[in-house]
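Quick notes on the structure that follows.
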Amino acid sequence: MSLLADHNLPFAVALAFMALLALVQAIGLDFGGDADADMDLDADGDLEGGSAMPDGGIGAAAASMLGLGRVPITVWLAVFLFVFAALGVGIQGFATSLTGGPLDRWLAALFAAGAALPVTGVVVRPIGRILPKDETSAVTLDTLVGRRAEIVTGTARHASPARGRVIDAFGHPHHVMIEPHAKDGQIVEGEQVLLVRREGELFFGQALETRNLSPAR
């Protein structure tokens, strides 16, 4: 049975997309890599909270069953696409041997997708144990205190924070909201500051010129 046959079209497309993912990774590109690194601490992200997965309930059970969070999302997606295509071609082959003809391609795709989800969860578990972990690159908000930042949007004043960008110890950029450490202070856009303390997700900075510090690295 040909993979390029009309009734196998969804599975051929899945394999093609899987190959595209592999090519993108091989040449060093990364879907969503900048989004993962350039986390907005003043939005929904919570670096101190640990895992982004739900702690319990139906959502956690579903994520565990599907293997989400055990491997990078691109790896999970590649495994899913391969399993989906393999199951789909197998379903069409079985239908042909049983009835003399394949199923409608979209019906076969529906069956294959439903079966591929739990199978993908099983397959990625051993893969997750093999892949190197990068858990040490996770940082807490406290580790950003004492680092240098740059005001990138607006002017920071007392009770009127501006958006700043700070690089953590692992070279990952984060956007945070910054106010001047001194209540009568003002930090303009483009100015370098030293983050001296924080309250919740709000950071307080001291202009480098005020502390006679060299520019940020």
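The values are calculated or read from the model by the stated rules, or taken from the named source; none is laboratory data. Here the structure is a predicted model, which means the values were calculated and not measured. Neighbour counts run over all protein chains shown; Cβ positions are idealised from the backbone, glycine included. Areas reflect the complete protein model, heavy atoms only, side chains present, ligands, DNA and RNA absent. Shrake-Rupley method; radii C 1.70, N 1.55, O 1.52, S 1.80 Å.
Miscellaneous remarks
- Percent carbon-and-sulfur accessible area, the stretch 61-146, ignoring ligands, DNA and RNA, probe 1.4 Å: 73 percent
- Chain lengthening between Val145 and Arg129 when straightened (0.36 nm per residue, less Cα-Cα): 2.4 nm
- Cα-projected label distance for Asp104 with Phe170, points at 7 Å along beta-carbon direction, nm: 4.7 nm
- Treating r as the C-beta distance of Ile27 and Ala159 and R0 as 41 Å, the FRET efficiency rounds to 0.30.
- Using C-alpha pairs under 8 Å with a sequence gap of at least 6, the mean separation divided by the residue count of the stretch 160-203 gives a relative contact order of 33 percent.
- Measuring r between the beta carbons of Ala115 and Val152 and using R0 = 41 Å, the FRET efficiency lands at 0.30.
- Simple rule: put +1 on each Lys or Arg Cβ and -1 on each Asp or Glu Cβ in the stretch 98-189, find the dipole, and look at Gly154, Val188, Leu98; the Cα lying farthest toward the positive end is Leu98.
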